[in-house]
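Q: Mind having a look at this structure? Questions to follow.
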Amino acid sequence: VQLQASGGGLVQAGGSLRLSCAASESIFGFNAMGWFRQAPGEQRDFVAAFTSTGGTNYADSVKGRFTISRDNAKNTVYLQMNSLKPDDTAVYYCIADQRGERYWGKGTLVTVSS
């Protein structure tokens, strides 16, 4: 499984970005698919994901601001990020879980300026 994340960039506080994660195969086969992030000097933290039952989970820090969605036909998951804060600055990683394995994409950098 290969995951290609894109859409990061520099944005001012209060702005929006949409990240994309394109998978190399059908996302129907994944138990979960979503996003983690890692701020400078910090551990990698969960952001949002689709679960195996089709539901969604969000970290408390992004609830109400971030929305995860998907396009099954394009094998792509998106992360719409609104009302961005400087604390959202991080490298964002796409993940997919399949048959007990977790796959990581290369990260995409999001920088939020104050």
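The values are calculated or read from the model by the stated rules, or taken from the named source; none is laboratory data. Just so it is clear, the structure is predicted and the values come from calculations on it, not from any experiment. Every residue, glycine as well, gets a Cβ built from its backbone with ideal geometry; the counts of neighbours run over all protein chains shown. Calculation scope for accessible area: heavy atoms of the full protein, side chains included, ligands and nucleic acids excluded. Shrake-Rupley method; radii C 1.70, N 1.55, O 1.52, S 1.80 Å.
Q: Please work out which one of (1) open to solvent by less than 70 Å² (accessible area, probe 1.4 Å); (2) in contact with a strand residue (DSSP E or B) (Cβ under 9 Å, 6 or more places away or on another chain) is the condition residue 4 fails and give its number.
A: (1)
Q: Also, quick follow-up: Answer yes if at least one residue in the stretch 72-90 is of a type in the set (Gly, Ala, Ser), within 15 Å of residue 4 (Cα to Cα) and at pLDDT 95 or above, and no otherwise. Quick ask: steps written out before the conclusion?
A: Residues of the stretch 72-90 of a type in the set (Gly, Ala, Ser): 73, 83, 90.
With within 15 Å of residue 4 (Cα to Cα) added as a condition, the list becomes none.
Taking every residue of the stretch 72-90 in turn, none turns out to be of a type in the set (Gly, Ala, Ser), within 15 Å of residue 4 (Cα to Cα) and at pLDDT 95 or above.
Q: Mind checking which residues of the stretch 7-50 are more than 17 Å from residue 76 (Cβ to Cβ), of a type in the set (A, V, I, L, M), assigned to a strand (DSSP E or B) and open to solvent by less than 60 Å² (accessible area, probe 1.4 Å)?
A: Selection gives 11 alone.
Q: I'd like the full set of residues that are among the polar types (S, T, N, Q) and without any contact (Cβ under 8 Å) to a residue 12 or more places away in the chain, limited to the stretch 1-41.
A: Here is the first cut: in the stretch 1-41, the ones among the polar types (S, T, N, Q) are 2, 4, 6, 12, 16, 20, 24, 26, 31, 38.
Residues satisfying the conditions do not exist here.
Q: Could you tell me whether any residue of the stretch 60-69 is outside any strand (DSSP E or B), of a type in the set (Lys, Arg) and open to solvent by 20 Å² or more (accessible area, probe 1.4 Å)? Walk me through it before giving the result.
A: Narrowing the stretch 60-69 to residues outside any strand (DSSP E or B): 60-65.
When the remaining residues are screened for being of a type in the set (Lys, Arg), the result is 63, 65.
From what's left, open to solvent by 20 Å² or more (accessible area, probe 1.4 Å): 63, 65.
Yes, the stretch 60-69 contains a residue that is outside any strand (DSSP E or B), of a type in the set (Lys, Arg) and open to solvent by 20 Å² or more (accessible area, probe 1.4 Å).
Q: Moving on. Restricting attention to the stretch 71-85, does a residue exist that is part of a strand (DSSP E or B), open to solvent by 30 Å² or more (accessible area, probe 1.4 Å) and out of contact with any Asp or Glu (no Cβ under 8 Å at 6 or more places or on another chain)?
A: Checked against the condition, which is being part of a strand (DSSP E or B), open to solvent by 30 Å² or more (accessible area, probe 1.4 Å) and out of contact with any Asp or Glu (no Cβ under 8 Å at 6 or more places or on another chain), the stretch 71-85 yields at least one hit.
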